[in-house]
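I have placed the structure first, in the form of structure tokens, so that the comments after it can refer back to it.
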Amino acid sequence: MQKLVKTNLEGIKNLMKAHQVQQAYLFGSAVDGTMNSRSDVDFVVKFSSIVNENYAENYFNLLYALQNLLKRDIELIEESTLSNPYFWKVLTNRRKGCYEPPCQKTLF
């Protein structure tokens with residue numbers, strides 16, 4: 001995991017909790033060591049069922065908060081929108097967990 005994410009991990013966890021994220025994973029250059037100054041940070045999140053009524057507002061608030069925290073573009077994908085089985089398989093093999101309540105444990 002890249003230094004940018006490691007140094008901001010507590011802030012990331014706090015944002016995930018504040019936006020009712022059930023699980024969050026990093027993937028892409030933040031995980032595989034290829035991140036550079038132009039790289040975005042890629043997240044897959046699973047929101048709790050509480051979010052359904054205000055889904056769009058919650059999604060965009062989290063997106064903007066992550067951009068503000070990390071000072072990078074953010075690719076934020078909601079897990080339920082993933083329909084490509086090939087992408088899901090690749091993602092499953094290359095992701096790193098960064099948030100899972102209630103204990104907010106890291107999975108790496």
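Of note:
- Taken over region 77-100, the criterion of being farther than 23 Å from Tyr64 by Cβ and among the hydrophobic types (A, V, I, L, M, F, W, C) is satisfied by Phe87, Trp88, Val90, Leu91.
- Pairing residues of region 11-30 that are polar (S, T, N, Q) with residues that are part of a helix (DSSP H, G or I), at Cβ distances under 8 Å and at least 6 apart in sequence or on separate chains, gives Gln20/Ile50; Gln20/Val51; Gln20/Asn58; Gln23/Glu79.
- Among the residues of region 36-52, those that are of a type in the set (A, V, I, L, M, F, W, C) and closer than 23 Å to Lys89 by Cβ comprise Val41, Phe43, Val44, Val45, Phe47.
- Any hit, region 44-51, residues being within 14 Å of the chain's Cα centre (by Cα), buried (at least 16 other Cβ atoms within 10 Å of the Cβ), at pLDDT 95 or above and not aliphatic (A, V, I, L, M): no
- Flag if Lys13 is of a type in the set (Lys, Arg), part of a helix (DSSP H, G or I) and under 10 Å from the mean Cα position of the chain (by Cα): yes
The values are calculated or read from the model by the stated rules, or taken from the named source; none is laboratory data. These figures come from a predicted structure and were not determined experimentally. Cβ coordinates were reconstructed from backbone atoms using ideal geometry, including for glycine residues, and neighbour counts include every protein chain displayed.
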